[in-house]
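Data first, discussion second: the structure below is written as structure tokens.
The values are calculated or read from the model by the stated rules, or taken from the named source; none is laboratory data. Keep in mind it's a predicted model, so treat the numbers as computed, not measured. Quick reminder, even Gly has a Cβ in these numbers, built from the backbone with ideal geometry, and neighbours come from all protein chains shown. What goes into the accessible areas is simple: the full protein's heavy atoms, side chains included, and nothing from ligands, DNA or RNA. Shrake-Rupley method; radii C 1.70, N 1.55, O 1.52, S 1.80 Å.
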Amino acid sequence: MQQENNTPAVGILMGSDSDYPVMIEAAKILKSFDVAYEMVVSSAHRSPQRTAEYASSAADRGVKLLIVGAGAAAHLAGVVASETTLPIVGVPIDSSALQGMDALLATVQMPGGIPVATMAIGKAGAMNAGIFAVQILALSDPVLKKALEESRARMAVEVALKSDGLQQRLAADGL
Ligand code: RP5
């Protein structure tokens, strides 16, 4: 899905390029649904002005929602949310000695009035952020809605196949 003015529908923002191996999971999902995205590094603490400028201009450029990942004292998603009324999906990243618990609490514990839809810590969270973004866009896009339904159906088939595989392993192990 590419919008008419070529602006990507989704912005993926991360606090550091070291977050890339996690945040790429969101990009993989968006690509699989043919949803255009842009990926940007900006930090709430190290580049506050750049972050504010990006967040406050995103809606005017045509971006529909933002996926924001950060680790440690992860204020990025909340700061971005404070600068725009676009939906913000937060991804806590396990990049510190506290293995993402710090980022989870910093991202999820927003004060009333400025929400951040916070996903799980790490790669699963980034993957789900991508799916959640597609779900939001699918509210006004029947093609995406159908693609989501097909994706769910494929997932169910894969689970059943794994169960079949397990029976074969049991038999091979004589159990
Ligand atoms: C956070 O600090 C970033 O989001 C990253 O997860 C973490 C470490 O950043 P680097 O020191 O690797 O740049 O702001």
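General observations
- Output for the range 28-60, where each listed residue is under 17 Å from Pro87 (Cα atoms) and small (Gly, Ala, Ser): Ala36, Ala52, Ala55, Ser56, Ser57, Ala58, Ala59
- Residues (assigned to a helix (DSSP H, G or I), among the aliphatic types (A, V, I, L, M) and free of Cβ contacts under 8 Å to residues at least 60 places away in the same chain) located in the range 125-141: Ala138
- Some residue of the range 86-98 being touching a residue at least 12 places away in the same chain (Cβ under 8 Å) and either in a helix (DSSP H, G or I) or not assigned by TED's automatic domain parsing to the domain that holds Ser16 (or both): no
- Residues in the range 116-153 that are open to solvent by 50 Å² or more (accessible area, probe 1.4 Å), more than 22 Å from Ala72 (Cβ to Cβ) and small (Gly, Ala, Ser): Ser140, Ala153.
- Verdict on Ala106 being buried (at least 16 other Cβ atoms within 10 Å of the Cβ) and free of Cβ contacts under 8 Å to residues at least 40 places away in the same chain: yes
- Residue in the range 35-55 that is in a loop (DSSP other than H, G, I, E, B) and acidic (Asp, Glu) present: no
- The residues of the range 56-85 that are surrounded by 16 or more Cβ atoms within 10 Å (Cβ to Cβ), assigned to a loop (DSSP other than H, G, I, E, B) and within 13 Å of the ligand (Cβ to nearest atom), listed by number, are Ala72, Ala74, His75.
- Extreme residue, surrounded by the fewest Cβ atoms within 10 Å (Cβ to Cβ), among residues of the range 1-38 that are without any contact (Cβ under 8 Å) to a residue 40 or more places away in the chain and in contact with a Pro (Cβ under 9 Å, 6 or more places away or on another chain): Gln2
- Subset of the range 86-100 (residues that are small (Gly, Ala, Ser), within 11 Å of the ligand (Cβ to nearest atom) and touching a helix residue (DSSP H, G or I) at 6+ places or on another chain (Cβ under 8 Å)): Ser95, Ser96
- Each residue in the range 1-39 was checked for being farther than 24 Å from Ser95 by Cα and modelled with pLDDT of 95 or more, and 8 pass.
- Residue check for Asp102: of a type in the set (D, E, K, R) and farther than 14 Å from Val35 by Cβ: yes
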